[in-house]
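Inspection log for the structure reproduced underneath, given as structure tokens.
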Amino acid sequence: MTCDAAAPLVSVLIPVYNAERYLARCLTSILSQDYPALEIVAVDDGSRDGSPALLDRFAAEYPGRVRVEHKPNGGVASARNRAIELARGAYLMFADNDDFFEPGAVRTLVDAALAVDADLVCAGFQRPDGAGKVVDAIVPDPASAWAPYAIVAAWGKLFRTSLVRDHGLAFFDTNIGEDLVFTLPAVELSRKTVVLGQVVYNWFYNTESVSSTAHRTSAGLNFEGTLDALLAELARHGLAVSDMVRHYLIRFVVWYLMYTCAGDGAKVAREQREHYVAWLDANLPGWRRDPLATPTRPASDAVANRVAVWLFARHPHLFSVAEGAYLLAKR
């Protein structure tokens, strides 16, 4: 266990927008942690409900522990980036305003970081619904090389603040995959990464949230912009596209095609598939020979993901058939 007297400060960064229904639960789950050196930095991104007043009440009740800034609406990326600027901690954690931490989460992650002087600690999450029933969970396998890439969300992780600031890591202003441009470069730049095979974070299965109501079609999504931004960010740091990042990108394209095709219709789905195959050809030459694109690799990934990527890379005709069947099933 860490020595409380020497416990490094952890800043938990929360972008807040119209979250009054669940915000108190989020804040309370953090304030009730058994870790002694902790601050919440909440950036109110132009909320129009009771969130600003609720934040101010918490800041008044917990002076120094809850710090709040109100700003005009600029999107979740701008709110997170501003919170990074305001943070005073030696380590950073992220939370979304309707999610909540597991008890002991902060201490668990800090202990793991201090044990080996890690820049980054990754752990698992679960998805409870409004009744408290867990509908999904992902717990990375610490023994797998894929583990640091299994969950690309910024939450459920502990980042050394200097890793983020020294490299100028920031969230990309986009409407799909904003975490990608922050988290994957952090993984690649980390001198030492630890993966814990346990749940530390609750990603609330909120049927009214943006993540549950958006992205049902590809219309208006800046998916290619996000992919381009990631490659540009890696290049800015002089990082080649590693085998794991290449596989993640292929897998991400497959996710995008399968997830959006249900709302796009057959013609647009086919056009999207052709477009992103061309993008992969142009930006990741040889991607079809990805050694991880097999039904058995990465071993810790879900079987459905492994098979979908394998079909996409090795058997595109069969993938198109599978995509068509998925489209029909979702009508």
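The values are calculated or read from the model by the stated rules, or taken from the named source; none is laboratory data. Note that this is a predicted model, so its numbers are computed, not measured. Here the Cβ positions follow ideal geometry from the backbone for every residue, glycine too, while neighbour counts run over all protein chains shown. SASA here: full protein model, heavy atoms, side chains in, ligands and nucleic acids out. Shrake-Rupley method; radii C 1.70, N 1.55, O 1.52, S 1.80 Å.
Using Cα atoms only, what is the angle between the long axis of helix 266-283 and the major principal axis of the chain, expressed in degrees (0 to 90) to the nearest 10?
80
Determine ³J(HN,Hα), in whole Hz, for all residues of the range 308-320 in sequence, where each value follows from phi through the Karplus function 6.51 cos²θ - 1.76 cosθ + 1.60 and θ = phi - 60°; x replaces Gly and Pro.
My calculation for the range 308-320 gives 4, 5, 4, 5, 4, 7, 9, 9, x, 5, 5, 5, 5 Hz in order.
Helix 105-116: angle to the longest alpha-carbon principal axis of the chain, degrees 0 to 90, nearest 10?
Taking the Cα atoms of the chain, the angle to 105-116 is about 80 degrees.
Can you give me the Cα centroid spacing of the range 277-292 and the range 58-108 in angstrom?
After rounding, the separation between the Cα centres reads 38 Å.
Taking only Cα atoms, what is the 0 to 90° angle, nearest 10, from helix 180-189's long axis to the longest principal axis of the chain?
The two axes meet at around 80 degrees.
Ignoring ligands, DNA and RNA, what accessible area per residue does the range 50-115 give at 1.4 Å, in Å²?
Spelled out: the 1.4 Å probe surface of the range 50-115, per residue, equals 40 Å².
How high is the relative contact order of the chain, in percent, with contacts defined as C-alpha pairs under 8 Å that are six or more residues apart?
In percent, rounded to a whole number, it is 15.
Residue by residue, what Karplus-based ³J(HN,Hα) values in Hz, rounded to whole numbers, does the range 125-133 have, using 6.51, -1.76 and 1.60 with θ = phi - 60° and x for Gly and Pro?
Each residue's phi maps through the Karplus curve to give 9, 9, 10, x, 8, x, 8, x, 7 Hz.
Expressed as a whole percent, how much of the Cα-Cα distance distribution for the range 135-196 exceeds 17 Å?
So the portion of pairs separated by more than 17 Å is 42 percent.
Taking every Cα atom in the range 90-226, find the radius of gyration and the maximum pairwise distance Dmax, and write them in Å.
Taking only Cα atoms of the range 90-226, I get Rg and Dmax of 15.2, 46 Å.
Quick one: putting +1 on the C-beta of Lys and Arg, -1 on the C-beta of Asp and Glu, what dipole do you get for the chain around its Cα centre, in Debye to the nearest 20?
Using only the charged Cβ atoms, the result is roughly 640 debye.
Determine ³J(HN,Hα), in whole Hz, for all residues of the range 158-163 in sequence, where each value follows from phi through the Karplus function 6.51 cos²θ - 1.76 cosθ + 1.60 and θ = phi - 60°; x replaces Gly and Pro.
Those phi angles translate into 10, 10, 5, 4, 5, 4 Hz.
Output the Kirkwood hydrodynamic radius of the chain, Cα pairs only, in Å rounded to one decimal.
20.8
For K192, list the aspartates and glutamates whose Cα falls under 15 Å from its own Cα; do not include residues on the same chain fewer than 8 positions away.
By straight Cα distance, K192 reaches D111, D117, D119.
Looking at the square roots a ≥ b ≥ c of the eigenvalues of the Cα gyration tensor of the range 15-75, which shape do they give, rounded for a/c under 1.5, prolate if a/b is larger than b/c, or oblate?
Taking the square roots of the gyration eigenvalues as a ≥ b ≥ c, the range 15-75 is prolate.
For the range 236-331, what is the accessible area per residue in Å² when the probe is 1.4 Å?
On a per-residue basis, the range 236-331 sits at 50 Å².
Give me the percent of accessible area attributable to carbon and sulfur for the chain, probe 1.4 angstrom.
Here carbon and sulfur together make up 54 percent of the probe-accessible area.
Mean residue ellipticity at 222 nm from the helices of the chain, using -39,500 (n - 2.57) per DSSP H segment of n ≥ 4 over the full residue count, to the nearest 500 deg cm²/dmol?
For the chain, the value works out to -13500 deg cm²/dmol.
Give the peptides 56-63, 146-153, 169-176, 181-188 in descending order of average Cβ contacts within 10 Å, highest first.
So the peptides 56-63, 146-153, 169-176, 181-188, ranked by packing, come out 181-188, 146-153, 169-176, 56-63.
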